[in-house]
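Asks: Below you'll find the structure I mean.
We did not get these values from a lab; they are worked out from the coordinates using the rules stated. Predicted model, so just to flag it, every value in this text is computed and none were measured. In this analysis, Cβ positions are derived from the backbone assuming ideal geometry, glycine residues included, and neighbour counts consider all displayed protein chains.
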Amino acid sequence: MNDMQWVVDAVLAFNDFVIFYFVSLNSIYLLLFVMSLGAALRFSREHFFSDSQQILKSDLTLPISILVAARDEELTILETVRSLLRVNYPEFEVIVVNDGSNDDTLGVLTSAYDLRKVDRVAKRSLDTQAVRAVYGSLSHGNLILVDKEQGGKHDALNAAINLSRYPLICSIDADSIIEEDALLRVVKPFVTHPDETVAAGGIVRIINGCQVEDGMVKNVALPNTALPILQAVEYLRGFLAGRLGWDAMGSLLIISGAFGVYRKEIVIRAGGYSGKTDSEDLELVVRIRRMMREERKKFRMVFVPDPVCWTEVPTNFGDLARQRSRWHRGLIQTLWSERKMLFNPRYGRVGLFVMPYFVFFEMLGPFIETLGYITILVSYVMGSLDREYLLLFLSVSVFYGVFLSAAAVFLEEVWFRRYPNWADIFKLLLFGLIENLGYRQALSLFKIKAVWDLLLRHRAWGDMERIRFLSASENGKPSK
């Protein structure tokens, strides 16, 4: 027995470390939630009356180029473009880039909008794969379609930037729909702080289960299947109890690629979207932060919780695993490429606190959490696991996660109320409990696989099975 005592001591010591880790992580989550709560209260007071009309008429509201990178998106691209063409905004253009699609994305758009090849001068500020043709529409003068050789999402967005005419750019995913006044709301920081704001992001919600008609979400509802609902809870927590808190501390590090607005000249000066990582949106935000700090420029990157973008999420675990593996690979690659910022006071709070948080809790967290579950099991097998310790572990690792999920739903219901059906609110609360009993652990395994993929230099994007948006006349599942 003495020969095995060191094993028992090592397992118990690691268990103590895991408890300390979860207490530290949950303390940060609690701080973020408190900051998010305060930010939501301020946002509610400041936006009690909509000021969209003032922004619409303001001379400070800059024209904007909406960029859509599309590859094999024939099932959703029409509704996405319809939603973009009907946005309430004084001056804008929509640039869709067909990035070497294998399906009929190009044909669907050219047929629907009577697109014809046009000559359009592009300033080649960023290097991209070859552009085959540029198309324009007689019926929609602000719609441009670019057909190019496949180069990846980052390359497609850079090609759109080269062709764009306006000082602001907005990236939108090709399987997403934005609300009519979303642009007016998300550009408000550029109007109120025109000399400082370089980027702004809105909230992203899941469109699975919602009914869509003519580019508009007509009925907001949760889907009937479990996996998208679990992601709905996760998105609410990530945006309302996470990014809102980071923004309140002036330390926002992520602006979703599904809905982000940038000052174009800043993006070009930073080198545009990069293909060096698998998460081009995260990498761009961190790179811009580094550039602005090194230039000693005063700047703002903000999260605006009201403008909504609705996006499709994976409906099966295979697609989810590929998506989360890619996201985690992108996080690791970005942290490595910008490692000079880590613990560096030159980069302010981001260098001293935010980057270390993402290294120790986001990047390494899946390993520590998974090993924690394993050592708990080992402790039980060895007979060294007492009831008090097990309850403590469950409290800091599971029950606290349930509280944060419920808190995010609370923020959603009290201040934003996008889900009008009480049955959906109950579902969100129920799945906030279920999420911590298997789903979160599965995500940790997906992230661990991301490290394995990096070691093997696997960088496949991973296709996601697309589904046609549910129309307002349908009651069942959307057709594939």
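Asks: With no solvent and one equal point scatterer per Cα, compute the Debye intensity ratio I(q)/I(0) for the chain at 0.12, 0.13 Å⁻¹ and report its log10, rounded to two decimals.
Replies: Here log10 of I(q) over I(0) equals -1.11, -1.31.
Asks: How would you order 174-182, 151-159, 380-388, 449-457 from highest to lowest mean count of nearby Cβ atoms within 10 Å?
Replies: 151-159, 174-182, 449-457, 380-388
Asks: So, in Å, what gap is there between the alpha-carbon centers of segment 166-206 and segment 107-124?
Replies: If you average the Cα positions of each part, the centres end up 24 Å apart.
Asks: To the nearest 20 Debye, how big is the dipole of the chain about its Cα centre, given +1 on the beta carbon of each Lys and Arg and -1 on that of each Asp and Glu?
Replies: Details: 54 positive and 55 negative charges, 246 e Å.
It comes to approximately 1180 debye.
Asks: Based on the alpha-carbon gyration tensor of segment 102-251 and its eigenvalue square roots a ≥ b ≥ c, which shape applies: rounded if a/c is under 1.5, prolate if not and a/b is larger than b/c, or oblate? Write out the running numbers ahead of the final one.
Replies: Details: a/c = 1.94, a/b = 1.32, b/c = 1.47.
It comes out oblate by the Cα gyration axes.
Asks: Report, largest value first, the span of the C-alpha coordinates of segment 1-159 along each principal axis, in whole Å.
Replies: If we take the Cα atoms of segment 1-159, the spans are 82, 47, 32 Å.
Asks: Please give the Cα centre distance for segment 318-343 versus segment 237-288, rounded to the nearest Å.
Replies: 13
Asks: Then there's this: Which of the residue pairs Lys117/Lys264; Lys276/Lys449; Lys427/Lys447; Lys57/Lys218 have a Cα-Cα distance greater than 24 Å in the structure shown?
Replies: Values: Lys117/Lys264 26 Å; Lys276/Lys449 19 Å; Lys427/Lys447 26 Å; Lys57/Lys218 27 Å.
Flagged as over cut-off: Lys117/Lys264; Lys427/Lys447; Lys57/Lys218.
Asks: 222 nm [θ] for the chain, helices only, -39500 (n - 2.57) per DSSP H run of 4+, per residue, to 500? Write down the numbers at each step before the final one.
Replies: Numbers: 17 runs with 213 residues, N = 480.
So the calculated ellipticity at 222 nm is -14000 deg cm²/dmol.
Asks: In percent, how large is the relative contact order of the chain, given Cα pairs closer than 8 Å and 6 or more residues apart?
Replies: Working: 838 pairs, mean separation 93.0, N = 480.
RCO, the chain: 19 percent.
Asks: Kindly identify segment 293-381 as rounded, prolate or oblate by the Cα gyration tensor criterion: order the square roots of the eigenvalues as a ≥ b ≥ c, call it rounded if a/c is under 1.5, otherwise compare a/b with b/c, prolate if a/b is larger, else oblate. Numbers along the way, then the final one.
Replies: Numbers: a/c = 2.46, a/b = 1.33, b/c = 1.85.
In terms of gyration-tensor shape, oblate.
Asks: While we're here: As a test, work out the antiparallel percent of DSSP beta bridges whose residues both lie in the chain, rounded to the nearest 5. Could the numbers behind the result be given before it?
Replies: Values: 22 of 52 bridges.
Within the chain, antiparallel bridges account for around 40 percent of the total.
Asks: Now, a different point. Sort segment 345-439 into rounded, prolate or oblate with this rule: let a ≥ b ≥ c be the square roots of the eigenvalues of the Cα gyration tensor; rounded if a/c is under 1.5, and if a/c is not under 1.5, prolate when a/b is larger than b/c, oblate otherwise.
Replies: Values: a/c = 2.94, a/b = 1.17, b/c = 2.50.
Judged from the Cα gyration tensor, segment 345-439 comes out oblate (a/c at least 1.5, b/c at or above a/b).
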